[in-house]
Amino acid sequence: LSGNTRNCFLSGSPDPYRNFIIKGLRCLLNAPNTEVQKNAHHPSGRPCYQSFQPLRAKITSLQISSVGQRPHHFSAWNTQMIRSFHTSPSFQAAPVALFWIIVKPAQKLFAIILGRSIRKWWKALPPNKRELFKESARKNKWKILLGVSSLGVLFVMFYFTHLEETPITGRARLLVFGKDHFRELSQIEYNMWMEELENEMLPETDPRYQVVERVVGHLLESNKDIPQIPLVKWVIHVVDKSEVNAFVLPNGQVFVFTGLLNAVSDIHQLSFILGHEIAHAVLEHAVKKASLVHFLDFLSLIFLTMIWAMCPRDSLAVIGQWIQSKLQEFMFDKPYSRRLEAEADKVGLLFAAKACVDVRASSVFWQQMELAEIIQGQPKLPEWLSTHPSHENRSEHLDRLIPEALKIRENCNCPSLSGPDPRLIFRLNLQHLLESCKDEETPNSAKRDLSKPKLDFPHT
C-alpha cells in the first residue's frame, strides 16, 4: 500500500507485509466489525449490498504506487517465497468421494485382469475354433453393433440426466455426487488440514488475520444477494507459511497463506484473489471436477480392458495404458480444470466489482507473478501442461472482463476510481526498472526494445 508512494510489490522491504498490514488496517479497522461466521440469511432482489460504508469509501483510495517514484532494484525484492501460484489446487480443494478412492484402484485392477484373461483365452483357442468364433461374429455383427450402441446410449442418457445448472453463470454441469454428502467429505478433509497446519495458524488477534477477515467479510456482505453465500458458514484460517496460496473448501473453510499477503500489492489484489476462491466454492467446482473425473474414469475402464485384451504382450499393454491415461489428462482433465479457473476468475471479478474494489488491479497481480517467475529464472511451461491458465493468459482474460466489471461497479453506486490505472503504473514501473538496468549494464537491442513497452490500455 502506497502511503509512502512506493509499490509494495516492487519494494525491497525486509518485512514485505508490514506496510501492507499497517496501511491496510488504517483503512480497514474503521469499518464495522463483521462476524463472518454468522451471515444473515436475507436473500433479496437488490443487486448490490453496500453495508460496509467506511470500507467502501476508503478502499478505492488505495493505489499501488506513484508514477513519479522510481522502484527499487528487483535484486532487493524478496521473491524467494514466490513459486508457481495455483489457487485451489485439485488435490486440496476438490476432494472425491471416499468410496471412489477405494473402488477406483480395484476397478482398474479388475479391468486389467479381465483384459489379460481375454487375451490368454484367445491365444489358447485352437485355430479352428478361432475361425468359428470370427465367423460367428461376422454373422452377428449387427447384433454386436446394436449392443455396443445401446451401451453408448446408456452413457449419453446418464450424462444428460445428471446435468444441472451452475449458479450465477447458468452453464450446464455434470453432477454425479450428492452435494450434502460431498460437504461431509469436505469436513473430513478440513480436519486433515487442521491437523497438518494446527501449529501454523495465526490467532484472531494477529493484524494479518484481521485484514483477511475484513476483506472476506466485505466480499460476502457485498454479495449476499447470491443465494449460495448466506447458506454457507464461512470460517477464516490464516496460515503462517511462505507458500503463495489460498483455497476455499466446499464447506466454506477459507485458508489464506501469509505468502500470498506478501505477494499482493494492495487490498484490491487481495480482494480479487479471495473473491476468486470464494467463487470456486459458490460455483461448486469441487463437485463438478470430481463428477467429471468419476465419469471419465468409468469410461476409461472399457478402453483399459480393450488395451489389455488386444495388446500381444504385457509390456505393450502397459505402454498403451500410459498413453490412454495421458490422453485423458491432456485432452479432458487439464483443459476442464483451466476452464473452471477461468470461470472462477470471471465470477471472482464480479464479486470484487460489487464490493467496490478496483478491479483493474486483478490483471496486474498475474503480471507480477509472471515477472517473479522470470526474475527467478523458472522455466516457462506450456499452458497445456498445467491445470491452470498461464499468468499471461489470465491477465489478458481479466483485461477483457474488466470493462464489464467496471460497469457492474458503477451500477452498484461505488465511488469513482481516482488516480491512474494500476496496469499503466505497473508498466511504467517495469519501464523504470529496465531503464535502470540499462544504465548499469551494456544495453543490447533486445533490452532497448523492452525498455519501451507499448502502453496501450483501451479501457483506461
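The values are calculated or read from the model by the stated rules, or taken from the named source; none is laboratory data. Nothing here was measured: the structure is a model prediction, and the numbers come from that model. Positions of Cβ are generated from backbone atoms using ideal geometry, with glycine treated the same way; all protein chains shown enter the neighbour counts. Heads up: the accessible areas ignore ligands, DNA and RNA and are worked out on the full protein's heavy atoms, side chains in. Shrake-Rupley method; radii C 1.70, N 1.55, O 1.52, S 1.80 Å.
I need the shape label for region 189-253. Rule: rounded when a/c is under 1.5, else prolate if a/b > b/c, else oblate, with a, b, c from the alpha carbon gyration tensor. Numbers along the way, then the final one.
Working: a/c = 2.36, a/b = 1.44, b/c = 1.64.
Cα axes put region 189-253 in the oblate bin.
Straight-line reach from LYS438: which aspartates and glutamates fall under 20 Å, measuring Cα to Cα and dropping same-chain residues less than 8 apart?
Reachable aspartates and glutamates: ASP449.
Restricting attention to region 219-248, which trypsin sites (Lys or Arg not before Pro) occupy a DSSP loop and are surrounded by at most 16 other Cβ atoms within 10 Å?
Working: sites: LYS224, LYS233, LYS241; in loops: LYS224, LYS233, LYS241.
Loop-located and lightly packed - LYS233, LYS241.
Working from the pairwise distances between different alpha carbons, so that the mean of 1/r is found and then inverted, what is region 341-430's Kirkwood radius in Å? Don't skip to the end; give the middle numbers.
Details: mean 1/r = 0.0712 Å⁻¹.
Here the Kirkwood hydrodynamic radius works out to 14.0 Å.
Rounded if a/c is under 1.5, else prolate if a/b is larger than b/c, else oblate: which is region 298-344, with a ≥ b ≥ c the root eigenvalues of its Cα gyration tensor?
Details: a/c = 6.15, a/b = 2.89, b/c = 2.13.
In terms of gyration-tensor shape, prolate.
Sorted by accessible area (1.4 Å probe), largest first, how do ARG394, ARG339, ARG116 line up? Could you put the intermediate results ahead of the total?
On the way: ARG394 5, ARG339 120, ARG116 80 Å².
Accessible-area ranking of ARG394, ARG339, ARG116, largest first: ARG339, ARG116, ARG394.
Considering only protein heavy atoms, with the full assembly of protein chains and a 1.4 angstrom probe, order ASP240, ASP358, ASP225 by accessible area, largest first. The partial results should precede the final answer.
Values: ASP240 80, ASP358 5, ASP225 30 Å².
So the residues, ranked largest to smallest area, are ASP240, ASP225, ASP358.
Filter the cross-link list LYS289/LYS326; LYS108/LYS326; LYS346/LYS407; LYS288/LYS334; LYS233/LYS289 down to pairs whose alpha-carbon distance in this structure exceeds 20 Å.
Working: LYS289/LYS326 17 Å; LYS108/LYS326 15 Å; LYS346/LYS407 14 Å; LYS288/LYS334 13 Å; LYS233/LYS289 22 Å.
Where the Cα-Cα span goes over 20 Å, the pairs concerned are LYS233/LYS289.
Distance between the C-alpha centers of region 351-418 and region 192-225? Whole Å please.
22 Å
With every protein chain kept in the model, how would you rank GLU341, GLU370, GLU164, GLU440 by accessible area, 1.4 Å probe, largest at the top? Intermediate values should be presented prior to the final figure.
Numbers: GLU341 10, GLU370 45, GLU164 85, GLU440 130 Å².
From most accessible down to least: GLU440, GLU164, GLU370, GLU341.
Using Stokes-Einstein with the Kirkwood hydrodynamic radius over Cα pairs, what translational diffusion coefficient do you get for region 179-434 at 37 °C and a viscosity of 0.692 mPa s, in µm²/s rounded to a whole number? If you can, show how the numbers build up before the last one.
Numbers: Rh = 20.3 Å.
The Stokes-Einstein estimate is 161 µm²/s.
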